[in-house]
Amino acid sequence: MGFKILKKCPDTRARRGVLTTPHGEINTPIFMPVGTRASVKAMSPEELVKLNAEVILGNTYHLFLKPGMEIIGKARGLHKFMAWDRPILTDSGGFQVFSLSSLRKITEKGVHFASHIDGSRFFLGPEESMSIQRTLGSDIVMAFDECTPYPSDYKTAEKSMLQTTRWEAVSRDQKLNDGQQLFGIVQGSMYKDLREQSAKSLVEIGFEGYAIGGLSVGEPEDTMFEVLDWTVPHLPEEKPHYLMGVGTPKQLVESVARGIDMFDCVIPTRLARHGSAYLSNGTTIPIKAGRYSNDFAPVDENCDCYCCRNFSRAYIRHLFSVGEILGMRLLTLHNLYYFINLMRKIRDSLETGAFAEFRKTCFNS
RNA sequence: GUGGAUGUAGCUCAGUUGGUUAGAGCGCCUGGUUGUGGCCCAGGAGGCCGUCGGUUCAAAUCCGAUCUUCCACC
């Protein structure tokens, strides 16, 4: 178990690495498709394997509410329950408690909240989150944190960051299963000294990996990159760095250059369900637009995914306009293929020492 | 043929006792969507109100003719 750096970029902070878990190896930099409720929406595990997805996300908050831990326990863990035998990373539930639920009451022990599904009351704190993630049996466990809203004034951001730090220390003290790796999460909003302080505190506690949270929450893109520039240098170089919830193709490349190894984002799958398809230059097209009704070219001429090898824009637009499930499935497949392949190209360029060049030219086509 | 109904945005329809630049839903076009509620949000384009004539200061609205479509009867 653990992280090994295979090669470093001579020009940037980018690295090519391998993270070993109980369910296999993860080649970094990596993009992790999101499978919140024990399903990467519209994809079967078999299709994800064909796409070369090496690791997917699951979510403590959602799985805790439905189907509940008793059922996951009876299924003997999330891997068996959903028939996915590759690595799984589970989010701690902290983010969702703040973004989805209502009637939150925060105490030193955790958060009282009302379910976004039916309003029923629950409590989630670091002890509960770790216990749940132990039952889920995920390979990578995230510490319980509070995602500081944006914008936040300094005092609010500081208070929130310190609360997160205390919860993360409690998370670290909980017992996990053999092989489960715990990642800490840096907070601190957009303040340089808070980010540094958060990073240093986490390093003191000691985690198998370090995530950067509280970004891509509405701040300008340049601000996000700036926060990465402030934060990553304070993380242990030999541990994996995970940027939570990011991002667009351009943000992935730019964040790799700033030393990030892991990403997760709903963008490719959510946009696919809403009818947006990624092109190789990193932009999207709205496949539902009337102008595609007579366009018999593939979604992306430069793509060799199953969708682009077999189907036309006109056909997929038709599927969307009549509400056929296959439309969402094909675009999800295509968008994930694009993201996963983009990361493979990043890794290839790191291996050959050509990342800096790739960074400049990768969206030119 | 007779009687009744109908005609307003691409589609389905609202438009009160005549009163400023005629509305809605869907569709269409532009943006947005970042640790997931198969959505949603913000803008925009688009109408000689079937046609012709009349009444009136003023007509989608009242009157006449005509055409369209539908129903019933013969």
What is the dipole size for the range A:109-247, taken about its Cα centre, with +1 at each Lys and Arg Cβ and -1 at each Asp and Glu Cβ, in debye to the nearest 20? 500
The range A:287-348 - charge dipole about Cα centre, Lys and Arg +1 at Cβ, Asp and Glu -1, debye rounded to 20: 120
When ligands, DNA and RNA are left out and all protein chains stay put, how many square angstrom of accessible area per residue does chain A have with a 1.4 Å probe? 42
Taking the Cα centre as origin and putting +1 on Lys and Arg beta-carbons and -1 on Asp and Glu beta-carbons, what dipole magnitude results for the range A:1-50, to the nearest 20 debye? 260
Between beta-carbons, use under 10 Å as the cut-off and find the net charge around A:ALA289, counting Lys and Arg +1, Asp and Glu -1. +3
On the accessible surface of chain A, probed at 1.4 Å with all protein chains in place, carbon and sulfur together account for a percent value of 50
For chain A, calculated [θ]222 nm from helices alone, where every DSSP H run of n ≥ 4 adds -39500 (n - 2.57): -12000 deg cm²/dmol
Rounding to the nearest 10 and keeping the result within 0 to 90°, find how far the Cα-based axis of helix A:313-322 lies from the longest principal axis of chain A. 60
Cysteines in chain A that, by Cβ-Cβ distance, have no pairing candidate under 4.7 Å: A:CYS9, A:CYS147, A:CYS265, A:CYS305, A:CYS307, A:CYS362
Report the one residue of A:SER138, A:CYS307, A:GLN174 whose Cα lies farthest in the direction of the positive end of the charge dipole of chain A (charges on C-beta: Lys and Arg +1, Asp and Glu -1; origin at the Cα centre). A:CYS307
Cross-link candidates for A:LYS105: which lysines have Cα within less than 18 Å, leaving aside residues fewer than 8 places away along the same chain? A:LYS159
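Between A:ALA75 and A:LYS50, 0.36 nm times their residue separation minus their Cα-Cα distance comes to what? Don't skip to the end; give the middle numbers.
Numbers: separation 25, 0.36 × 25 = 9.00 nm, distance 2.49 nm.
So the extension gain works out to 6.5 nm.
When DSSP assigns beta bridges and you keep just the ones with both residues in the range A:178-292, what percent turn out antiparallel, to the nearest 5?
If we restrict to bridges inside the range A:178-292, about 25 percent are antiparallel.
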As I understand it, the dipole of the range A:189-320 uses +1 on the Cβ of Lys and Arg and -1 on the Cβ of Asp and Glu, about the Cα centre. Which of A:SER201, A:THR231, A:PHE263 lies farthest toward its positive end? A:PHE263
Chain A, relative contact order [Cα under 8 Å, separation at least 6], %: 17
If the chain between A:LYS159 and A:SER39 were fully stretched, how many nm would it gain, using 0.36 nm times the residue separation less the Cα-Cα distance? 39.7 nm
Estimated FRET transfer efficiency when R0 is 45 angstrom, pair A:ALA314-A:ALA354 (beta carbons, to 0.05): 0.75
Among A:GLN187, A:GLN133, A:GLN251, whose mean-square fluctuation peaks in a Gaussian network model of chain A (Cα, cutoff 10 Å)? A:GLN251
Simple SL model, points at 7 angstrom along Cα→Cβ for A:ASN294 and A:PHE363; separation in nm is 3.2
Given the Cα-Cα distance of A:ALA169 and A:LEU326 and 0.36 nm per residue of separation, how much length would full extension add, in nm? 52.0 nm
What relative contact order, as a whole-number percentage, does the range A:105-217 give when Cα pairs under 8 Å and 6 or more residues apart are counted? 25
Quick one: angle between helix A:221-231 and the longest Cα principal axis of chain A, in degrees between 0 and 90, rounded to 10, please. 40
Nearest 5 percent is fine: what portion of the DSSP beta bridges confined to the range A:89-193 is antiparallel? 60
Out of all DSSP beta bridges in chain A, what portion is antiparallel? Express it as a percent rounded to 5. 50
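The values are calculated or read from the model by the stated rules, or taken from the named source; none is laboratory data. Given the structure is predicted, the values throughout are model-derived calculations rather than measurements. As a convention, Cβ positions derive from the backbone with ideal geometry for all residues, glycine included, and neighbour counts pool all protein chains shown. Surface accessibility is based on the protein's heavy atoms, side chains included, excluding ligands, DNA and RNA. Shrake-Rupley method; radii C 1.70, N 1.55, O 1.52, S 1.80 Å.
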